[in-house]
Every structure is written in C-alpha cells, then in structure tokens.
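Below is one structure, written out as structure tokens, with a few remarks after it.
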Amino acid sequence: MIATHKTTTPDSLLIRNIHALVTMDSDSHQFNGGFIYAEGGEIKLVGDRVPRGLQAARTIDASGCVAVPGLVNSHHHFCQTLTRALAAAANAELFDWLRTLYPVWANIDEEAVQVGALVGMAELMLSGCTTTSDHHYLFPQGQTKLIDAEINAARKIGIRFTATRGSMSVGESKGGLPPDTVVQDEETILADCERVIRKYHDPKPGAMLQVALAPCSPFSVTPKLMRDTADMAERENVRMHTHLAETKDETVYCHEHFGMRPLDFLDSVGWLNNRTWVAHGIHFNATEVKRLGRAGVGITHCPSSNMRLGSGLCPALALQRAGAPVGLGVDGSASNDSSNMIAEARQALLLQRLGHGAAAITVQQALRMATVGGAQCLGRTDIGSIEPGKRADIALFDLRDPAYSGADDPVAALLLCAPTTVRFLVVEGRVVVDEHKLTTLEMTPWLARHRSIAARITGKRKAF
C-alpha cells in the first residue's frame, strides 16, 4: 500500500474531495469526501482520506461530484447513428424495421462506419461510458475492412473497445431476412474473423482492444456458421455474441426453420456456455431462464430499444437470480435512437419497476448492471468497479448541474433525475472528458461530416 509520495509519477492521477464515491466492489462501499489515486492506468488507492504527502501529475478537485466506475455498454450498432429517427421506420416493429433499413445500410462504406462510430463513441463517453462493444454484422459487397474502421475510431477517441466481428450469411434468396447484397459467404466470414482476431485481439488485463465473434441472429445465419464460430472462439479463446429471443417473430422463425425455440437453437449449435453473451433475451420462459443461469450465459438488457420497437420486457431480475450475468446496452442508434449510457441505466431502472414494482430494483442495482454486469458480459474482471488493482476507468457527474439541483441522495440522483453529461471521464488513467468536453478529439468537423454522410446514404438532398 502506498502511504506517501514525495515524487510524482508522470502518469499518475489523484481525484480528491469526491462528494460521493460508489465503488461497486464486492462490498459496495460508498465514501463521502473520498479519493482515488491511479498510476499507469491502474487504481492504486481508494478511500475517504488522502494520505499525507500523496501527489500526482494531475489532481482533480471533485467537490460536488459523484464518482462511479466507468459505465460499460455491452451491445451497440455504431453505423446506425447515421439513420436515427428515419421516418419510414419510426413506427415499425423489429422485422419491418429491419426490412426498411437494410437497403439504406447497404450504402455504408469504411468512412461511414468510422464516422458513425466516432459520433456514437463520443455520445457514450459524454454519458459516462468508458468501455463499449459494437456488433457490426453488415458488409455490403466490396466492403471488407469495416471492423478495422471501427477500431480506428476507438483508437482516435480513446475509449476501451470490444469489437465484435458480426456476420450474416443467409439472405432473402435462402429464406433469411436481409437482402443478398449485405450478406457474405461463410468461408469469407470465417477467414476475416480469424484475420481480425490475429491482428487486433489483446487478451491481457488492461487491454484497450479486444475482439469477439458475433453471427447476427437465428434468422440471418446458418447453424453451421454458428458451430464453426463456436469452434473458432474456443480455439482462439475469444468470446461469442449474438441477438437472441428479441421478438415473438424470432420464436416463430426458429420453430418454422429449425423446429425448436431460440434457446434450444443456441444450445444445439454449441453456444450455451459462459463464453457467450446475447443481446435482448426477452422471450425466455421460466425453465429457459434457469438454463441460462446454470450455463452462465450473459444477457445484455436493452430497455430503450425494446420499448421503442415494442419488443417486450427482458426478465433481467429473474435472470440475475438464476445466476446469469446481466449488463446493459444502448443497442442501435436507429432503434434507441441514442448512445447515452447513463440514460440507459435509468431506463432499465424504470422499466423493471414498471414490470415488477418500485421495490424490485434499486438505483444501485441498476448501476451494477451498467458497470459490473457489463464487464461480466464482456468477460472482463479488470473493469467495472473502483478498487485497487482495477483499471482507472471513472465517471464523475456534477451534482451542481441544474438537473440534479435539490437532490437529497446523490447516488439516486444519477438515475432518478434527468441524465446529464459527465464533468470528468477517465479511461485507463487518462482524462478524456474534462469539464464536460472531450479532450481527445474536436468533434465539430466530424459531426458535420456525419450529417453529410447520413444525408447521402438515406437519399436526402442535403444535411441540416
């Protein structure tokens, strides 16, 4: 333990005078007037009183702030930031929504994906998110480096990133939902999955970049691709991700094409294990919930998207009781239509209370989904809480913001009051949002380019 520091380490950070510090460690400590000290991207000290003589290269006075672990977004589709609030899909349920948007997304290219990712990542970071995954599964003909484009965006903006190499291999001509122009043959998919893992995946603790494999859904890939993906994931020791049990239409599709329910399909292709996390997980029965818990399959609850598309209510609390890790995801920015992580935690709290009563879930439990639960879904033990040995990923919200003014419980205010932007955000010990502004990238020109690309791919005459 570090008691005093007479010299200053160049990459050290001290955050002091924190009004309320929520650790989300195993004992769920909360300090009033606490501090955090980090070196080399790692948290070294946490407590209520700064040791005498402790100094750092950068000291933040967090008076009036609530500090929480950096939020973890475990499901997203960044390219969809280019098609927010599309009028033709505004009132559609999932399958019709997809049929409307697939032809639009067929117009994306590397620039569109990179710029879309930068905008989505910026919005996430300003809402307190330090780690995100993205599920990119759509590859128009000739577009082979779209995962690379997302990774370039993450490196530019400084967010911790799990890139999931998504895939679709069953187009309309083979009975699938997507048009043939946006699917790939399975040999191409598997070869690129291997390329992306070998080039980018960092398995070490503290990694800023990891890769997972992510066939899109039961209605867009074959059982063979699911099995081959599971084999590769085990061989390369990476995680697996897919959409599952999102809508009743999906259940009907699985019965018609595979003669079984979605979870039985997942089991039949070798995915019912703790290497897997799935998005949505709405339409599970009580027996299936227990099976998921026993297998340790992670579930990403996506409340905003599920409400927006009228898909249903994820049994998140029952899944937790059964032993399944439950995280949160903002999901696609064309079905949410935002990338605001603190708002998603609020939606999870409110939606679960609507379904099960006000006493069913506390603010702290919803925040745990947004931090520890998300980290578990991504298979990470080095993030999700504020404690010595964990990575220095920290979000600080200012209680003096008008949205929080008058709040009694500083932690409850984060989710009971309207969401705001973070005052400070720290990723791997680096301050990436400082006084509510991104420090890593000037977003104004990127936002202008984003609007221009959105106008192009959606067929608008000009960007506003």
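Only one of these is in contact with a helix residue (DSSP H, G or I) (Cβ under 7 Å, 6 or more places away or on another chain) and more than 20 Å from ALA153 (Cβ to Cβ): VAL411, VAL422, VAL432. Name it. Just one listed residue meets the conditions, VAL411. Of everything in the range 247-282 that is more than 20 Å from GLY323 (Cα to Cα) and among the acidic types (Asp, Glu), the residue that is nearest to the chain's Cα centre (by Cα) is GLU250.
Mind checking whether some residue in the range 286-301 is part of a loop (DSSP other than H, G, I, E, B) and either within 19 Å of the chain's Cα centre (by Cα) or without any contact (Cβ under 8 Å) to a residue 60 or more places away in the chain (or both)? Within the range 286-301 (the criterion being part of a loop (DSSP other than H, G, I, E, B) and either within 19 Å of the chain's Cα centre (by Cα) or without any contact (Cβ under 8 Å) to a residue 60 or more places away in the chain (or both)), the answer is yes, since at least one residue qualifies. The condition (being more than 25 Å from the chain's Cα centre (by Cα) and open to solvent by less than 10 Å² (accessible area, probe 1.4 Å)) is satisfied by just one residue among ILE60, ILE43, ILE36: ILE60.
Number of residues in the range 99-118 that are open to solvent by 10 Å² or more (accessible area, probe 1.4 Å) and of a type in the set (A, V, I, L, M, F, W, C): the value is 2. Here's a check for you: in the range 350-376, which residue that is within 26 Å of LYS390 (Cα to Cα) and of a type in the set (A, V, I, L, M) is surrounded by the fewest Cβ atoms within 10 Å (Cβ to Cβ)? Among those residues, the one meeting the criterion is VAL363. Looking at GLU111, is it at pLDDT 95 or above, in contact with a His (Cβ under 7 Å, 6 or more places away or on another chain), outside any strand (DSSP E or B) and among the charged types (D, E, K, R)? Taking the combined requirement at face value, the residue does not satisfy it. Checking each residue in the range 324-347 for being more than 19 Å from HIS241 (Cβ to Cβ), open to solvent by less than 10 Å² (accessible area, probe 1.4 Å) and touching a Pro at 6+ places or on another chain (Cβ under 7 Å) picks out only ILE342.
So that you can scan it fast, the table gives a plain yes or no per residue for (1) closer than 23 Å to CYS417 by Cβ; (2) among the β-branched types (Val, Ile, Thr); (3) in contact with an Asp or Glu (Cβ under 9 Å, 6 or more places away or on another chain):
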{"position": "MET307", "(1), (2), (3)": "yes, no, no"}
{"position": "GLY310", "(1), (2), (3)": "no, no, yes"}
{"position": "CYS314", "(1), (2), (3)": "no, no, no"}
{"position": "ARG321", "(1), (2), (3)": "no, no, no"}
{"position": "VAL330", "(1), (2), (3)": "yes, yes, yes"}
{"position": "GLU344", "(1), (2), (3)": "yes, no, yes"}
{"position": "ILE386", "(1), (2), (3)": "yes, yes, yes"}
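Considered as a group, the residues in the range 398-421 that are under 16 Å from SER63 (Cα atoms) and in contact with a Pro (Cβ under 9 Å, 6 or more places away or on another chain) include one that is surrounded by the most Cβ atoms within 10 Å (Cβ to Cβ), and that residue is LEU399.
Scanning the range 141-153 for residues that are out of contact with any Lys or Arg (no Cβ under 7 Å at 6 or more places or on another chain) and either crowded, with 22+ Cβ neighbours inside 10 Å or of a type in the set (Asp, Glu) (or both) returns LEU146, ASP148, ALA149, GLU150, ALA153. Check whether at least one residue in the range 288-302 is open to solvent by 20 Å² or more (accessible area, probe 1.4 Å), in contact with a Leu (Cβ under 9 Å, 6 or more places away or on another chain), closer than 28 Å to ASP180 by Cβ and charged (D, E, K, R), and report yes or no. No: the range 288-302 contains no residue that is open to solvent by 20 Å² or more (accessible area, probe 1.4 Å), in contact with a Leu (Cβ under 9 Å, 6 or more places away or on another chain), closer than 28 Å to ASP180 by Cβ and charged (D, E, K, R). Of all residues in the range 422-459, exactly one satisfies the criterion of being aromatic (Phe, Trp, Tyr) and either open to solvent by 20 Å² or more (accessible area, probe 1.4 Å) or out of contact with any Leu (no Cβ under 7 Å at 6 or more places or on another chain) (or both), namely TRP446.
Look at (1) touching a Cys at 6+ places or on another chain (Cβ under 6 Å); (2) within 18 Å of CYS302 (Cα to Cα); (3) buried (at least 24 other Cβ atoms within 10 Å of the Cβ) and you find that ILE282 fails only one, number (3). Taking the criterion of being among the polar types (S, T, N, Q) and open to solvent by 40 Å² or more (accessible area, probe 1.4 Å), the only residue of the range 223-263 that qualifies is ASN237.
Of LEU319, LEU313, all but one fail to be open to solvent by less than 10 Å² (accessible area, probe 1.4 Å) and in contact (Cβ under 8 Å) with a residue 24 or more places away in the chain; the exception is LEU319.
Being polar (S, T, N, Q), more than 30 Å from VAL183 (Cβ to Cβ), in contact (Cβ under 8 Å) with a residue 60 or more places away in the chain and open to solvent by 10 Å² or more (accessible area, probe 1.4 Å) is true of SER28. Among the candidates ASP96, ASP48, the residue that is open to solvent by 40 Å² or more (accessible area, probe 1.4 Å), closer than 25 Å to PRO179 by Cα and among the acidic types (Asp, Glu) is uniquely ASP96. Listed by position, the strands (runs of 3 or more DSSP E) contained in the range 1-99 that have at least 2 residues being of a type in the set (Phe, Trp, Tyr) are 34-39. In this structure, is LYS199 basic (Lys, Arg), closer than 23 Å to LEU447 by Cβ, at pLDDT 95 or above and surrounded by fewer than 23 Cβ atoms within 10 Å (Cβ to Cβ)? When the stated conditions are applied, LYS199 does not pass them. If you scan the range 1-60, which residues turn out to be under 25 Å from VAL411 (Cβ atoms), acidic (Asp, Glu) and at pLDDT 95 or above? The answer is GLU42, and nothing else. Look at VAL427 and say whether it is in contact with a helix residue (DSSP H, G or I) (Cβ under 9 Å, 6 or more places away or on another chain), within 29 Å of ALA334 (Cβ to Cβ) and in contact (Cβ under 8 Å) with a residue 12 or more places away in the chain. Here the answer is yes, as VAL427 does meet what is asked.
The values are calculated or read from the model by the stated rules, or taken from the named source; none is laboratory data. Quantities reported herein were computed from a predicted structural model and do not represent experimental measurements. When we count neighbours, we look across all protein chains shown, and the Cβ atoms used for this are built from the backbone with ideal geometry, even at glycine. Ligands, DNA and RNA are stripped out before the accessible areas are found, and what is left, the full protein with its side chains, is counted by its heavy atoms. Shrake-Rupley method; radii C 1.70, N 1.55, O 1.52, S 1.80 Å.
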